[in-house]
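Structure record follows, encoded as structure tokens.
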Amino acid sequence: MATRTLWRTRAKLAVAATSLCSGAAVAVISSSEDPAMALKLCSTVPVRLYRNSVTAASVAFDYEYSLWGLPEGSTERSRVKHEVHLRSAHKLQELCFKNGGIYIKLGQHIGQLEYLVPEEYVQTMRESMLNKCPVSSYDQVCEVFKKELGETPDKIFNEFDPVPIASASLAQVHVAHTRDGQKVAVKVQHTHMTDTAAADHATVELLVNTLHWFFPSFDYRWLVDEMRESLPKELDFLLEAKNSVKVLDNFRKLSPHIANYVYAPKVYWNVSTSKLLTMEFIDGAQVNDVKTIKKLGIRTDEVAKLVSQAFAEMMFKHGFVHCDPHAANLLVRPLPSGKRSLLGKREPQLILLDHGLYKELDFATRFNYASLWKALIFADANAIKENSIKLGAGEDLYALFAGILTMRPWNRVIDPAADHLVIKGTDGDRSELQMYASQYFSQISELLRRLPRVILLMLKTNDCLRSVTNALLQGSSPETFLIIGKVSSKAVIEAKLSQNKSFFRWLSVWFEELRLDARLFSIHLFLWILQMRKALSWST
């Protein structure tokens, strides 16, 4: 009976979606100012909506049918659930690739939600969504060039490689040489993004709402809202170019001590539009390519520390944050002006790519977020609760919020040990995270629904950075957390001073900074002693 009902549900979803779109198609085409575009949309959307409906129903049926009658907590149920997770992850992956565009963005985001979705989904999406995106044909690239600049690439550049070196969800990158011989990277928006972005968003929204209707605990409507706001910005390459200029300007003005260690490619404005972006070509290793980074003579732990510091400065001091720092958007190269150390090592420079998704934090949000991270680093339970509540987590979910930010259970979050937030990347750590994700799924969904959108993007940024650090260090390290603690604490102190510049306020802040430096020094000393003990034990 249950099986028959599920099959009926699956069929109804598919038939209803197809009928709905087909019935509206004639009216849309006849009333549109651009019948050709309307015809294209009305022939594309029903197909994608049908795929969405079939995939959603197929996944729902697989879970219900495969797990039917298997007792909770049994070994057999765990084994079968793992198999269903894998099958369903591959179905979702196939759907994202077939539909393309914002579906790829959706898949990339799922690949970062290790605190919410099963590991099978996370690994499947991470392995495919960053480096295996669909590619536009050279004819389609020429079509974009003609619309934007009036000429084909070969008329604009001295050389233009028709084969892209990389393809992402919204665009692909080609290597070219300008008329004066400069090597450049040309980012070309996929043609279908302009044509179907709004319709794709509508089909994704329908899919998410339908799944939520059938399974109330599955509530990703917050993700749809975020995509609705961020996608138009990501599709405007001139805005992306302006962001790349602004982020470097912020480092020069607000963080001059590391400004030379962070870089973004120079923009060639005369051959850039909202759908074409021509930038300086930069050779570098992808930030998770440990083998190549070592070949360049750069230490991976130094890269991890630089990444942590650069993004801590953006979040806590600049209030202007690159919110898509996955591995494909971060390159590493030797510092151009740097020299090799006595051991032959070179200092790293971090190259920031893809500046389409930035978020500005107002003073209050930036201050509270910095205060929260300061409290997390120093295991201050009262301050964690206070600042979590200010950021929207509520009195009932502040501990869960702290756990999502750190990927540590509450008892570890408030542990006074210097390395209390360190994730070692072991199988035990991963299974613990998955256990919490499964146990608190509904509470996590409620938290994500409740948090302000800007904080959701900070969570996404945090997830991306954790993944990068894990690739570089096979876990995390106390040093990266100390950097976050130092930058967030300094930002809090500067914010307090900016609000009240009286002599007594300055004196109070000065003493607070002294206490902070002493505390950080004692932690560094403790960690150094631990490292020396390990070194001595290895030598014996």
note = Residue separation between PHE97 and GLU479 times 0.36 nm, minus their alpha-carbon distance, gives in nm 133.6 nm
task = Please get the size of the charge dipole for the range 42-110, origin at its Cα centre, with Cβ charges of +1 on Lys and Arg and -1 on Asp and Glu, quoted in debye to the nearest 20.
result = 300
inquiry  = Suppose R0 equals 35 Å. What FRET efficiency, 1/(1 + (r/R0)^6) with r the Cβ-Cβ distance, do GLN439 and GLU360 give to the nearest 0.05?
reply    = 0.50
task = Kindly state, as a whole number, the per residue volume in cubic angstrom of the convex hull around the alpha carbon atoms of the range 75-199.
result = 112
remark   = For VAL80, placing the label point 7 angstrom along Cα-to-beta-carbon and taking the range 49-69, residues whose amide nitrogen sits under 17 Å are 59-69
query = Once you put a point 7 Å from the Cα of ASN158 and another 7 Å from the Cα of GLU395, both along the Cβ direction, what distance in nm separates them?
reply = 6.9
query = With each pseudo-label sitting 7 Å past Cα toward Cβ, what's the ASP415-ARG449 distance in nm, one decimal?
reply = 3.3
key: Solvent-accessible area, 1.4 Å probe, carbon plus sulfur percent, for the range 301-426   = 51
Neighbourhood charge, 11 Å Cβ-Cβ cut-off, centred on LYS253 and excluding it, Lys, Arg +1 and Asp, Glu -1 = +2
query = Sequence-distant or interchain residues sharing an amide H contact under 5 Å with LEU350, placed H: which?
reply = VAL262, TYR263
Inter-probe distance in nm under a simple model that places probes 7 Å from Cα toward Cβ, at LYS294 and LYS147 = 4.6
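The values are calculated or read from the model by the stated rules, or taken from the named source; none is laboratory data. What you see is a predicted model; the values in this text were computed from it and never measured. Neighbour counts run over all protein chains shown; Cβ positions are idealised from the backbone, glycine included. Surface accessibility is based on the protein's heavy atoms, side chains included, excluding ligands, DNA and RNA. Shrake-Rupley method; radii C 1.70, N 1.55, O 1.52, S 1.80 Å.
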